[in-house]
Amino acid sequence: SRLPTLRPAGLMVAMKLSDPALTGTASAAFTSIGPPSPLTRAQRVRRFGVDCGEGLEWAAGWEPGGEYVKQLVVKNVTTKAMKLRYKLPKSKYFSMAFPETVQLMPGLSHSMPVSFRPIKLEEYDDCVQFWNEKGSFVVPVRAWIPKVSTCVPESLDFGFCPVKETAVKTFAISNPGEVPVSFSWTCDGPFTLTPSVGTLAPGAAASITARFMPKDASVSVAQCVCDIPEHQPHVMRVGGIGKYPFLSSSVEIVDCGSVLTGAVARTEFKLSN
């Protein structure tokens, strides 16, 4: 007589996720292992046949305690009908209607409102997870806060400057961020910067005047630091070379020779710096 076939303990039989009888089991498996890594818009379209843009973003300007609603639009870009299911965001600050299966015919779209209710002025980052017969993907939902941003030159070169004279250069600093910023400069001699303190509104720029006053004939290098509250300071390298004035003549003696009274004699020589 033949002995029955025994399977080793823990051995599982592989099943196709596309089997309708196992769809619920497959979704539960995806949910248990967490959401997949985010994909780009093009990757989602190519792999899953769904176009949902780049996700939803709430730009800076919202305030804690308010409610802000955006529409998440998903579109079937394939030639076949599909069913989409989704999972609510984990964060309580993003909310949607109770998840229901969405039937999408080829070329049609479905809009789902997503509400954002912040309680603190901080960044929020979450996602909406979707499933169809090809697998699972996520669509990011994010909210940003105003950011501090400033632009300062990395270096400034005065070149040569006569000793005990002043060379002047100007440069600009700007605020491409979304909040006003204040700045203050610290710089070692023989360099000075004016104004040394100030405030920049969003999108504004300020002109800074730099001066180099060498006391002797030498190379001068300094680091000027622009401090901005709640932001990393900017360090600008400033350099210049002090040099004594020097003139040379093409002749050592100017001799006009014998000249009659009342007459004019001219001679030329060259001076070079």
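The values are calculated or read from the model by the stated rules, or taken from the named source; none is laboratory data. Here the structure is a predicted model, which is why all the values come from computation and not from measurement. With ideal geometry, Cβ positions are generated from the backbone for all residues, glycine too; neighbour counts draw on all protein chains shown. Heads up: the accessible areas ignore ligands, DNA and RNA and are worked out on the full protein's heavy atoms, side chains in. Shrake-Rupley method; radii C 1.70, N 1.55, O 1.52, S 1.80 Å.
Would you work out what percent of the accessible area of the chain, with all protein chains in place, is carbon or sulfur (probe 1.4 Å)?
Exposed carbon and sulfur together represent 55 percent of the surface.
Mind checking which of PRO229, PRO118, PRO202 has the largest fluctuation in a GNM of the chain, springs on alpha carbons under 10 Å?
With Cα springs under 10 Å in the chain, the top fluctuation among PRO229, PRO118, PRO202 is at PRO229.
Stretched out fully, how many nm does the piece from GLN232 to VAL69 gain, at 0.36 nm a residue minus the Cα gap?
Numbers: separation 163, 0.36 × 163 = 58.68 nm, distance 3.42 nm.
Roughly 55.3 nm would be gained on extension.
Treating the beta-carbon of each Lys and Arg as +1 and of each Asp and Glu as -1, no other charges, what is the dipole magnitude of the chain about its Cα centre, to the nearest 20 debye?
1700 debye
Using a Gaussian network model on the chain with a 10 Å cutoff between Cα atoms, which of GLU252, GLU154, GLU57 fluctuates the most?
GLU252
Over the stretch 66-110, give the accessible area per residue in Å² for a 1.4 Å probe, as an integer.
64 Å²
Where does the charge balance sit around GLY189 when Lys and Arg score +1, Asp and Glu -1, over other residues with C-beta under 13 Å from its C-beta?
Residues near GLY189 contribute 0 overall.
Over the stretch 144-221, average the accessible area per residue using a 1.4 Å probe and give it in Å², no decimals.
Here the residues of the stretch 144-221 average 55 Å² of exposed surface.
Measure nothing but the geometry: give the 0 to 90° angle between the long axis through the Cα atoms of 23-32 and the longest principal axis through the Cα atoms of the chain, rounded to 10°.
In the chain, helix 23-32 runs at an angle near 40 degrees to the longest axis.
Using a probe radius of 1.4 Å on heavy atoms only, what accessible surface per residue do you get for the stretch 224-273? Whole Å² is fine. If you can, show how the numbers build up before the last one.
Numbers: 4280 Å² over 50 residues.
Here the per-residue accessible area is 86 Å².
Calculated from DSSP H runs of 4 or more alone, at -39500 (n - 2.57) each and per residue, what is the 222 nm mean residue ellipticity of the chain, nearest 500?
Value at 222 nm, helices only, nearest 500: -2000 deg cm²/dmol.
Would you mind finding the longest exposed-site-free stretch of the chain, with exposed chymotrypsin sites (Phe, Trp or Tyr not before Pro) meaning DSSP loop and at most 12 other Cβ atoms within 10 Å? Each step should come with its number before you reach the end.
Values: sites that count: PHE246, PHE269.
The segment 1-245 is the longest one with no such site.
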